[in-house]
1. Filter the cross-link list Lys27/Lys115; Lys196/Lys240; Lys32/Lys113; Lys115/Lys178; Lys40/Lys248 down to pairs whose alpha-carbon distance in this structure exceeds 20 Å.
2. From the backbone phi of the stretch 235-245, what are the Karplus-calculated ³J(HN,Hα) couplings (6.51 cos²θ - 1.76 cosθ + 1.60, θ = phi - 60°) in whole Hz, Gly and Pro given as x?
3. Would you please give the residues with an amide H less than 5 Å from that of Asp96, counting only those at least 5 places away or on a separate chain, with H modeled from the backbone geometry?
Amino acid sequence: METARPEIGSIKKEGFPESFQEVLDQKQEVEKIIPNIKDKAPTEFDDKRLRNERTQNHPKALMMIKALPESWSTEDKESNPLGYALGQLKDQVVVDLGAGMVYSSYFPIAAAKAKAYVGVELPWYLEKDMEWSEQFEAANWDGTSQKFAKKGIDKLEPIPYSVVADHMLSFLRRLPDKSVSVFMSGIDHDIVSNPKHREAIANEISRVVSDDGALVQWAAWGFDPEGMSSEEFLVNSEGKQVGLRVFKRE
């Protein structure tokens, strides 16, 4: 059953910047966030299955927000693996692959004090998108701000962001070596069905992740970059066990 979009102006915003305009003012061209990025790059894979079966990842991102424990810690991976995983993104430019039509992942990535957020989504999904001002409010429709307040985050500080209409593989090929961290939520072999396509994406991730950065996968699998060590966790969210993996350079 599809959830109705809330009317603009009806959203409670406690715990977030006083006006969403503070967030919207942070929007930048991706070239400013990632210097030396290429204008474009090819992808050789057929995307018809992606077009037919792509699903929004924002429910998975909201599950991630709800799974944060009361204590927002980035050190203790045994008691708080999710806080630990997000802590690996601090001070990083984070590329959210398959960001979805509502970029809820912006919220926990901003809370982790990332340097900037870049959401990448297929062009025809972005064409169907709401305006960004609506997206941030819609992503907050279920009281996300109050949930963050309960996690000890009094106020989310806006971080620079950009949204790019591109395929995951072609966007990764535009990036300089060792330039970013990568986040994936809800992306799996059903969405990217061709194993050679998944392998190509994993290879590019291995190339672009910075020496002090990470690949964080939340409810995502099928992408295993070579030359990176992984830690795996199961996190309880709303009674469900959700897989979480953190990859770092060896």
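Just so it is clear, none of the values below were taken in a lab; they were calculated from the coordinates. What you are looking at is a predicted structure, and each value in this text was computed from that prediction instead of being measured.
1. Too far apart for the 20 Å limit: Lys196/Lys240; Lys40/Lys248.
2. Values per residue, Gly and Pro as x: 10, 7, 9, 6, x, 10, 8, 10, x, 9, 10 Hz.
3. Counting only residues 5 or more places away or on other chains, the set is Val118, Gly119, Val120, Phe183.
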